[in-house]
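Here's the structure, in structure tokens; my notes come after.
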Amino acid sequence: MQRRSIGMHSRKNGGRKTGAQINSSVLVFVILLIASSVLLLLSTMDFIFGVKNIGLSIFSGIRGGIYEVNSFISRSISSISELATLRQEHANLLMQLDRYEELERSNAEIFQENTRLKEQLDFAKTLRYRNIPAQISGKDPDNLFSAIVINKGSYSRVSNNMAVVAWQNGTQALVGKVIQTGTLESLVMPVFDVNSQVSARFSVSGFEGIVAGQGNSESPLLMRFVPKRARDEINIGDIIITSGMGGIFPKGINIGRVSGINMPEYETTLEIELIPMIDFSRLEYVFIMEAEIPEVSFPEMILSQD
């Protein structure tokens, strides 16, 4: 009996011990489960956040790339548009510059033309002959006399054998004479023509001769029939003027300057080479000498006033 009670007591103590152990295991399991759940939850949230961050990064990268591409395209289109605008503005500026340069050239030409016309007008006032101003308009189409065409004719009272002079480089000089007259144009035979004959003399020594041309404005004029005894009194550079003989050319108009003196051995006269006072390659304006202006004396002025 005693042994049974001892065994039964032993079983009861063993059962209590086993229940306590089970409760402890369950508690540990629950704690571990909770801890695992917490850890799993934390791990899952980190993963989600990581995935979310990765997705956000990828999306941001794609969005940034698209933005950069759009920006590049927009800047390219804007640059092309601005370049086209700049090219058009540059072309417009070049056109304006060309117009300004053309206007500047025109103004300079007009100023020079006005200066030349003023010089011609001042010269015309000094002439003691009534004169008809004219402009060179061309050359003789037939070239029979190396003639010069002027823009004045019989309508302006121009007639044949009128003397023609010009003002150039501050000097009055002989151009030639009218040989053919139309209504609005006339032909002038220049002094360098082979058919031209002008009675002339040395302005200082007074020796006379006849000046003729050689058919070319680049060739010197020739003054013939100058007596050999004049050799000691004439020099290179002397000025030859019209003598007034013949009644066509007024007296005292410059013709040329002595550039050479020839003494043919078997001739009794000298041959003088002259450089014309007029540069025919630059001749623009001329004056046709119409008639000498009469000088009014003092008594005549009194009578006219009465």
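Some points to look at:
- Per-pair calculated FRET efficiency, R0 = 51 Å: TYR100 and LYS251 via Cβ, rounded to 0.05: 0.50
- Overall form of the range 129-292 per C-alpha gyration tensor (a/c, 1.5; a/b vs b/c): prolate
- Maximal additional length on extending the THR171-LYS228 stretch stands at 17.6 nm, based on 0.36 nm per residue less the C-alpha distance.
- Shape class of the range 210-290 from the alpha-carbon gyration tensor: prolate, with a/c at 1.5 or above and a/b greater than b/c.
- Highest average packing first - 147-153, 272-278, Cβ atoms within 10 Å: 272-278, 147-153
- Scoring 158-168, 81-91, 239-249 by mean Cβ neighbours within 10 Å over their residues and listing the highest first yields 158-168, 239-249, 81-91.
- Residue-by-residue Karplus 3J(HN,Hα) for the range 195-211, coefficients 6.51, -1.76, 1.60, Hz, glycine and proline x: 8, 7, 9, 10, 6, 9, 7, 6, 5, 9, 7, x, 5, 10, x, 10, 9
- R0 of 45 Å, Cβ-Cβ distance LEU93-GLN135: FRET efficiency to nearest 0.05: 0.70
- Relative contact order, percent, the range 129-292 [alpha-carbon distance under 8 Å, six or more residues apart]: 25 percent
- Packing, taken as the mean count of other beta carbons within 10 Å per residue, orders the peptides 188-200, 221-233 from highest to lowest as 188-200, 221-233.
Values quoted throughout were computed directly from the atomic coordinates according to the rules given, and no laboratory measurement underlies them. Just so we're clear, the structure is a prediction, and the values are computed from it rather than from any experiment. Cβ coordinates were reconstructed from backbone atoms using ideal geometry, including for glycine residues, and neighbour counts include every protein chain displayed.
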